[in-house]
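The values are calculated or read from the model by the stated rules, or taken from the named source; none is laboratory data. A quick note: this is a predicted structure, and the numbers were derived from the prediction, not measured. Ideal geometry is used to build each Cβ from the backbone, glycine not excepted, and the neighbour counts take in all protein chains shown.
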Ligand code: GDP
Ligand code: ZN
């Protein structure tokens, strides 16, 4: 050894108040970010869960993050109350699992549609998990969620109470880096506990204040799965506002619209009111779900929830 400390490749698996746990071939190293990196990335999270980094081992056992590799994809939202700030939920995930409950609370399809738009933009495969299937008649849940299958998304129906669909979910998470996201109360914690004992217990500590007196600090973490892979839970999303998506791009992120827009009479068609609009025609012909079109209109008008 020359005395020169080693530079290791790694992945950020935990981020808490300026300290990052970086998993490397040499184990997990608690690291700080070099000051210059913080300045370079002022307007977004300087370093985030899932980021691939180069870390230098220091004499005191700590690490210094010297470089953050460019993110291949990233799931972000506008920070709540700060539309000018990007909040990264996770960088470089293999897939996103969007969890909603069939009832209690009723599914928020407008939020689901916004999450799907971001997944489309970032090329992140999206799975939709419809939980609490035990609370409703299966047929009515399918009537609401199955149309998303027709759009190309995988939909699984689960119950953390009866165990339905849990094996499928476990299989789906295996060997992948997955983000679980959805509103609070839909059963993410319970489901994760069914997938692997105590998995949810570890993530429950990161829940945002629920209004029921459970206010804990938010510590995003990538948690290793026994079968390989990682899962990142997010604090229950109260809101999910789009980050950095231009209104004109939106039609490209709706699978049922993107192939139609070439047929619109005007090349800059907004699909809101123009004559000769192929999207509006498809809505009128029942080929595009009115609810999805409504989601499109809301996003196009800049509504955030
Ligand atoms: P989270 O906020 O998304 O993590 O949701 P929790 O896992 O904390 O669950 C919220 C509430 O829903 C709890 O009272 C759970 O017991 C309940 N719950 C979770 N999953 C199910 C389910 O599949 N069926 C039913 N009936 N209740 C569930
Ligand atoms: Zn149009």
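For the stretch 283-305, give me each residue that is on the phi > 0 side of the Ramachandran plot and either in contact with a strand residue (DSSP E or B) (Cβ under 8 Å, 6 or more places away or on another chain) or near ligand 2 (Cβ under 8 Å from one of its atoms) (or both).
First, the residues of the stretch 283-305 that are on the phi > 0 side of the Ramachandran plot: 286, 302.
Of everything in the stretch 283-305, nothing turns out to be on the phi > 0 side of the Ramachandran plot and either in contact with a strand residue (DSSP E or B) (Cβ under 8 Å, 6 or more places away or on another chain) or near ligand 2 (Cβ under 8 Å from one of its atoms) (or both).
Find all pairs meeting these conditions: Cβ atoms under 7 angstrom apart; at least six residues apart or on different chains; first residue within the stretch 50-61 and touching a residue at least 60 places away in the same chain (Cβ under 8 Å); second residue outside any strand (DSSP E or B) and surrounded by 17 or more Cβ atoms within 10 Å (Cβ to Cβ).
Partner pairs satisfying both residue conditions: 50/92; 50/93.
Residues are listed down the side, and each one gets a yes or a no for (1) closer than 26 Å to residue 14 by Cα; (2) at pLDDT 85 or above; (3) within 16 Å of ligand 1 (Cβ to nearest atom); (4) in a loop (DSSP other than H, G, I, E, B):
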position	(1), (2), (3), (4)
191	yes, yes, yes, no
210	yes, no, yes, yes
242	yes, yes, no, yes
280	no, yes, no, no
283	no, yes, no, no
288	no, yes, no, yes
298	no, yes, no, no
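Give the residue, chosen from 245, 280, that is within 27 Å of residue 126 (Cα to Cα), surrounded by 14 or more Cβ atoms within 10 Å (Cβ to Cβ) and near ligand 2 (Cβ under 8 Å from one of its atoms).
On the way: 245 fails: near ligand 2 (Cβ under 8 Å from one of its atoms).
On inspection, the qualifying residue turns out to be 280.
Is it the case that the stretch 80-99 has a residue that's within 26 Å of residue 156 (Cβ to Cβ) and without any contact (Cβ under 8 Å) to a residue 24 or more places away in the chain?
No, every residue in the stretch 80-99 fails to be within 26 Å of residue 156 (Cβ to Cβ) and without any contact (Cβ under 8 Å) to a residue 24 or more places away in the chain.
I need the full set of residues from the stretch 248-277 which are assigned to a helix (DSSP H, G or I), more than 9 Å from ligand 2 (Cβ to nearest atom) and over 26 Å from residue 74 (Cα atoms), in order please.
Matches in the stretch 248-277: 262 only.
Condition test on residue 179, is it in a strand (DSSP E or B) and at pLDDT 90 or above?
yes
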